[in-house]
Structures are given as C-alpha cells and as structure tokens.
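> Starting off with a structure, shown below.
The values are calculated or read from the model by the stated rules, or taken from the named source; none is laboratory data. Computed from a predicted structure; not experimentally measured. All Cβ positions, even for glycine, are placed from backbone atoms using ideal geometry, and neighbour counts span all protein chains on display.
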Amino acid sequence: MFSSVLIANRGEIACRVIRTAKRIGLRTIAVYSAADAGAPHVHLADEAHLIGPPAAVESYLRADKIIEVALASQAAAIHPGYGFLSENAEFAEACAQAGIIFIGPPASAIRAMGLKDAAKALVEKAGVPVVPGYHGARQEPDFLRQKAYETGYPVLIKAIAGGGGKGMRRVDRQQDFDAALASAQREATSAFGDPRVLIEKYISSPRHIEMQVFADAHGHALHLFERDCSLQRRHQKVIEEAPAPGMTPEVRRAMGDAAVEAARAAGYVGAGTVEFIADGRGALRPDGFYFMEMNTRLQVEHPVTEAITGLDLVEWQLRVAGGEALALDQEDLLVDGHAVEARLYAEDPERSFLPSTGRLVALKLPSGEGVRVDSGVAEGGEVTPFYDPMIAKIIAHGGSRDQALERLSAALASTIVAGPKCNVAFLKALVDAEEFREGAVDTGFIERNLETLGATPQPADPQAIAAGAAQLLRMDYEKANPSLLVRGRLGSHEWLYDPWGSRKGFELAGRRHTVVPVETETGKTNIDLFFDDDGPHLLAPGQREETWPDAEWNASLRLAELGDGSGVVVRGSGKVFVICKGRQTSVALVDPLDVDLEHLDGDAGGQVKSPMHGKLVALLVGKGDEVAKGQLLAVVEAMKMEHALTAPMAGVVSEVLAREGEQVSEGARLMTVTPEQE
Ligand code: ADP
C-alpha cells in the first residue's frame, strides 16, 4: 500500500475521500482554486496547494498543474473523485508517466467506456443487452432523422461523449427532430467539445437501475448490488436508493452478471458503475433491462451502497489501487436494510431549478440515527457560480425502506439553508410522495408532478413576510436608531416608540396606523403596522388577521425560532431570511426615500436579462427584429443546463447588448424589446 494521496477534486467528494485516506493512515494532499481557499477540503487535508483561478478549466481541470503539485508534494497516488478529470484517459496516462498511481481503472478501460457508442458496441459483443437504436459513425442530420424514424418515436438523442444528462433530447415527433438534434449538438459541443450523437429508442416508464461493480488487478470482479436512481429531473439524479424497490434475486443475478460481464469486457479495475435502463411498466424482469453506459469512477450516490453493505468503497478503491486483492467474494456480500440519498442543492425549484449562488448565511445539516451527511461547504461559505451547486448529500439508512424514508424525511425537515435558495422542501415533498413511498416511480415522475411537489412559482408567503418584517422592525429598534423612525420609515408620525417592551414610549392614546414598505424576492409590497394598547400588530397582504409574529433568539443556532413553531428567521446583512417548511422568503425594509432608478426607465418591462451567471450560447435575434410574445430569443447555459430566454411581449428588438459566446452575469441586461406602437 502507498502512503500518500492527492485528491484532485473539491467539495463533498474531496472531503469524503480525505476522511477515509486519513483513517487508513495516508498523508492527504488537497488542491484548490482561488475560489476555494477557505473551503472545507482545504482545511481537512494535511496540506493544500493552490492550482489556479476559479474557473475549472484553469484549476481542477488542469492535469499538468495537478501532476506538478503531486510530484512536488511527493504524492504516491491521485484520487480524482467524480467529475473533473475522473474519466479522462489522458490524465490517467499522464499520472502513470509521472510515476503516480491513478486511483481508477486503466486508461484503456476509461477509453473503452468513455464514448457511449463504442461502449454499447463493446458490451453488446459480450452479450449484454443494449437499447435498440443507432450508434454508428454517421452524423448527417438527414441520416440520423431516418434512423430515428426506423427506431420508432419517441427516441432519445444522446451525445456520445455525454454525461450528467447533457446533450440529451427526447424527441416525440419527426418534425421536432432537427431542432432537437441541433440543440443536443450545441450543448454537447459546449460541454464536451464533441457534437457527435447516437439515437436510442426511448424506453417508456423507464427506471434507472445501476449496479456497483468492483474489480481488482488479480482477475476478481464482483458487484455490490444495485441502486435505483429513477427519481430524476432532466436526466439528473435527485434521489437514489438501494436496493431497488421490487428487485428479485433472479433479476439481481441477471443484472449483476451483465454488469460484471461489461466490466470484464473493458478490462476493468477498481470501482465502476454499470447503468441500466429497465422497463418500469410492470414488475422487473430478467429480460427487461438494457445497458446504457458505464461510469468508470466512484458515483455521487455510492453512500447508499456503503450503507447497505457496511463497506467503505473509497477504502476498497485505495487498496485495489495499491495492488491488494478484493478481500471478499460475491457470496460474502449481503444486503443490510435499505438506504436512500437526497441531493441537497443550492437551486430554486420555483424558478426552474436555477442554481442559486451566494453566501450560506446559515447552514444546519441534520444528524440522527441512521443519518449520514456528506457535505463540502460550511456555514459562512460561498456557493459560487463556478462549480456544481451541491450543498450536501443526506443519506438515511434503516432496517426497512419505510424506516429509511421516514428518517430521511425527518432529516430534511430539520435542515436549514439560508442565503441561496435550496431544494430541501422539494426533496421532502418527493420523499413523502405517496407514489414514491409505494416504490412506483419512473424517471418522468418529477416532471409530471412539478406542481404538487411545489416546484412551480408559488405566491409569496404572507406569514413569512410578516415574520420577517416583525424581526426587522425589532432589529431596527434594537439598534436604537431613531433617525429611521424620524425619516418616515414608520410613517410621518415622529414617534419614539417602544412597542416591544414597556409602553413608556406611548405619546398618543388610541390606535395608530402606518405603512411599512418591504421588499421580498417577489417584489415590493406594503405592510400595515398598527400600534394600540396591546402593542404592535402587522398585516401583510394576503393575511386575514393581524399578527405580531414572535421569534425567540436561539443563540447557539444563531437564528430566531418563530413562536408558533412554523419556521425560523435568520439575520442576513440588510435583510432577514424566513424559512418555513424549507421554503425561504427574504425580507428587507425599503427606505421610502430610495428611488428605484430602474423603474423610472419606462421600458423596464421589455428588458431581457440573464437569469444567472453563465454563457450566452445562442443569440437568435438581432437588432430590429420583430418578435412575438414568448418567442425564443437567446439561450444562456450555466453549470448544468440551458435556459431559454423568451420575449416578454410582442415588439421589436430595439437593442442587443451581448454577443454570442460571451459570459454574462446574473441580472445583466442582454437586450430590450420595445412594444409595437399602436
Ligand atoms: P448521462 O451519461 O448524460 O447521465 P445516461 O445515458 O446515463 O446519460 O442517461 C441518463 C438518464 O436518461 C437515464 O438515467 C434515464 O433516466 C434517461 N435515459 C437514458 N436513456 C434512455 C432511454 N433509451 N429511454 C428512456 N430514458 C433514457
């Protein structure tokens, strides 16, 4: 066994690898970009080295820099984690050339499985069932359209270099094929530098079931059972579990054998995952699944396998890379209970899951029996636009599926994220959904149930706004800043008033009314504030009864808990975050003397702004073009997906302020549409 390892990654997976490496006595070496100088993985490792600016291409993807650091710090091995360089055959080779052990399969196996078309051809030869379709070399649109027709709609266009659901488009009708192909190719080029695609039959009611495989360098290969990752959004996993609901010993044997065959066909060594798609219209069948691809690395969702097997997969990876033989045989492996993982993301389910960046003003992650949390960020840290906005993985293990789901549900209920928006309420709704509880979901479940899962724009929460406003008024008062009162924030009356304690400040008897303007993420609104002999009362728009939401400051948690138990208030700078049932509402007091210059602009309604930091990958109109309301104007790509920008109204594009290919920042004005003159 070697004695030191460099972790060529960041976030939760870097932390997770470092923990095991330390436990088995290895010296750990972290690398980090300028954006991650204060990140947990940097503190956790025995040493850490800066490798470049924030952009991944200049840091975590710089194979040369990483190898240079590995040599200088005398790292014996490199663990690539997942993503970044983990499935890069050239990187694996460069490590070998530098005399460093790459913790992963041989470069030849990465290559064999790297492109989906070649992988399908390879495993098909080994007798593993593959999805029908076209995975040959020809790429002319006419030819591919013909192949799609022959395969039979609906089909899936997949980037052969694809991963993470990028470059993938489902097409239901021949007339939509060309546009979908162009869009898949554009995304594939931008994400992988390779526009080539394959065509697959779209399996109806598909379930995604994958097998964890492991092979050593001594000819042993086995599987560590399956994971069901059918809860997906846009082909990306949201919740994963092991074992798969409805799995039978017979199907498991067939799938396990196919997975091990696929691994053997590629000359595999180390941890890998063979992904299958199963027909989910009835019970699982030994002849009802097809190979999709093999991921030649550790998966994000490996903890559910660890939970049900009691094994540490990273330890196995390290030992196999160090030349040790697998310590167990297939027959030694048993499934213990059930485990489920939810991916906690900084994103806004109510705004098409747009990544949400910013400082984590509060972060309370759950704990409890059977609960494991793998996170790579800490309270006070930043979710930056440079990387995947995952906050943590929350994993629950139980004796039964029900118990695991109950534990996960409770864990999600006690999770608090303030600052960036997050998907915790959405995850909880999913875990509690009846169909999921019954184990009856396919990969389309989320998309079909966005509304019931709370993943569509919701109206502002009046209770949360009132709670936030009360907390802000209290903070203002605590700051003892009478000037705010005099300046009219509390109306035109010059009260020096103590609504929160004694009544000593009362200057006038009777009931007073004043209007407090506040700003939330949904815009500006006015709150009615009343004072009478009972103290203050608030009425937010949409509330039926006046309230004074009391909140108890919890010093150890550094937040205020609402008296009625409905949520918490977290203080941010200049605003508060109210979190009720996992949903965040930010509230700020508006100075009525502050004039919003933007709204004086007159045509603010016709401005088309970038919803996020990203790259303008397509600009489909030019100055002077006439556009219809809802017409596609441009496409911004960020982190994981493309976002379509559409015309807010019918009119003429009166200015275009950005160029295709350009990086754009959140809120940047990209163009203006001027309404047609009557
Ligand atoms: P990626 O490498 O981008 O993750 P995969 O090939 O692993 O792409 O597919 C990702 C997901 O897309 C699968 O989990 C499944 O939900 C869906 N999918 C893939 N192929 C098919 C298919 N032929 N029919 C239906 N759904 C599919």
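> Can you work out which of the residues in the range 142-191 that are assigned to a loop (DSSP other than H, G, I, E, B) and more than 27 Å from Gly661 (Cα to Cα) is nearest to the ligand (Cβ to nearest atom)?
By that ranking, first place goes to Pro154.
> Scan the range 192-208 for residues that are near the ligand (Cβ under 9 Å from one of its atoms) and part of a strand (DSSP E or B) and jot them down.
Hits for the range 192-208 are Glu200, Lys201, Pro206, Arg207, His208.
> Against the condition without any contact (Cβ under 8 Å) to a residue 24 or more places away in the chain and either part of a strand (DSSP E or B) or of a type in the set (A, V, I, L, M) (or both), how does Ala327 come out, does it pass?
yes
> Among the residues in the range 69-91, are any within 30 Å of the chain's Cα centre (by Cα) and free of Cβ contacts under 8 Å to residues at least 24 places away in the same chain?
No, because not a single residue in the range 69-91 is within 30 Å of the chain's Cα centre (by Cα) and free of Cβ contacts under 8 Å to residues at least 24 places away in the same chain.
> Which one of Ala362, Ala327 is touching a helix residue (DSSP H, G or I) at 6+ places or on another chain (Cβ under 9 Å), more than 16 Å from the ligand (Cβ to nearest atom) and small (Gly, Ala, Ser)?
Among Ala362, Ala327, only Ala327 is touching a helix residue (DSSP H, G or I) at 6+ places or on another chain (Cβ under 9 Å), more than 16 Å from the ligand (Cβ to nearest atom) and small (Gly, Ala, Ser).
> Here's something else I'd like to know. Among Leu6, Leu50, Leu71, which is the only one that is over 26 Å from Glu301 (Cβ atoms), at pLDDT 95 or above and in a strand (DSSP E or B)?
Just a single option satisfies the conditions, and that option is Leu50.
> Working only within the range 557-567, note down all residues that are buried (at least 19 other Cβ atoms within 10 Å of the Cβ) and out of contact with any Lys or Arg (no Cβ under 9 Å at 6 or more places or on another chain).
Leu562
> Do we have any residue at all in the range 203-224 that's among the aromatic types (Phe, Trp, Tyr) and surrounded by fewer than 20 Cβ atoms within 10 Å (Cβ to Cβ)?
no
> Tell me, yes or no, whether the range 115-136 has at least one residue that is basic (Lys, Arg) and without any contact (Cβ under 8 Å) to a residue 12 or more places away in the chain.
For the range 115-136, residues basic (Lys, Arg) and without any contact (Cβ under 8 Å) to a residue 12 or more places away in the chain: absent.
> Kindly indicate which of Glu124, Glu93 is more than 21 Å from Ile13 (Cβ to Cβ), away from the ligand (no atom under 16 Å from the Cβ), in a helix (DSSP H, G or I) and outside the structural domain of Phe192 (by TED's automatic domain parsing).
From the options Glu124, Glu93, the qualifying one is Glu93.
> While we're here: Collect the residues in the range 635-657 that are outside any strand (DSSP E or B) and under 22 Å from Thr357 (Cα atoms), keeping them in residue-number order.
Met639, Lys640
> Same structure again: Could you please find all residues in the range 154-164 being farther than 14 Å from Thr189 by Cα and under 21 Å from the mean Cα position of the chain (by Cα)?
If the condition is that a residue be farther than 14 Å from Thr189 by Cα and under 21 Å from the mean Cα position of the chain (by Cα), then Gly164 is the only one that fits.
Conditions (1) part of a strand (DSSP E or B); (2) more than 16 Å from the ligand (Cβ to nearest atom), marked per residue:
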| site | (1), (2) |
| --- | --- |
| Met211 | yes, no |
| His223 | yes, yes |
| Ala254 | no, yes |
| Ala258 | no, no |
| Ala271 | yes, yes |
| Asp287 | no, yes |
| Glu293 | yes, no |
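> Here are the criteria: (1) assigned by TED's automatic domain parsing to the domain that holds Glu241; (2) within 16 Å of the ligand (Cβ to nearest atom). Tell me which single one Glu341 does not satisfy.
(1)
> So the check is Cβ under 6 Å with 6+ separation or different chains; which pairs have a first residue in the range 150-175 that's free of Cβ contacts under 8 Å to residues at least 40 places away in the same chain and closer than 23 Å to Gly193 by Cα and a second one that's within 7 Å of the ligand (Cβ to nearest atom) and assigned to a strand (DSSP E or B)?
Arg170/Leu156
> Identify, from the list Arg281, Arg253, the residue that is more than 26 Å from Tyr202 (Cβ to Cβ) and charged (D, E, K, R).
Result: Arg253 is the single residue among Arg281, Arg253 that is more than 26 Å from Tyr202 (Cβ to Cβ) and charged (D, E, K, R).
> Can you work out which of the residues in the range 515-556 that are more than 13 Å from Ile465 (Cβ to Cβ) and of a type in the set (S, T, N, Q) is surrounded by the most Cβ atoms within 10 Å (Cβ to Cβ)?
The extreme case among them is Asn554.
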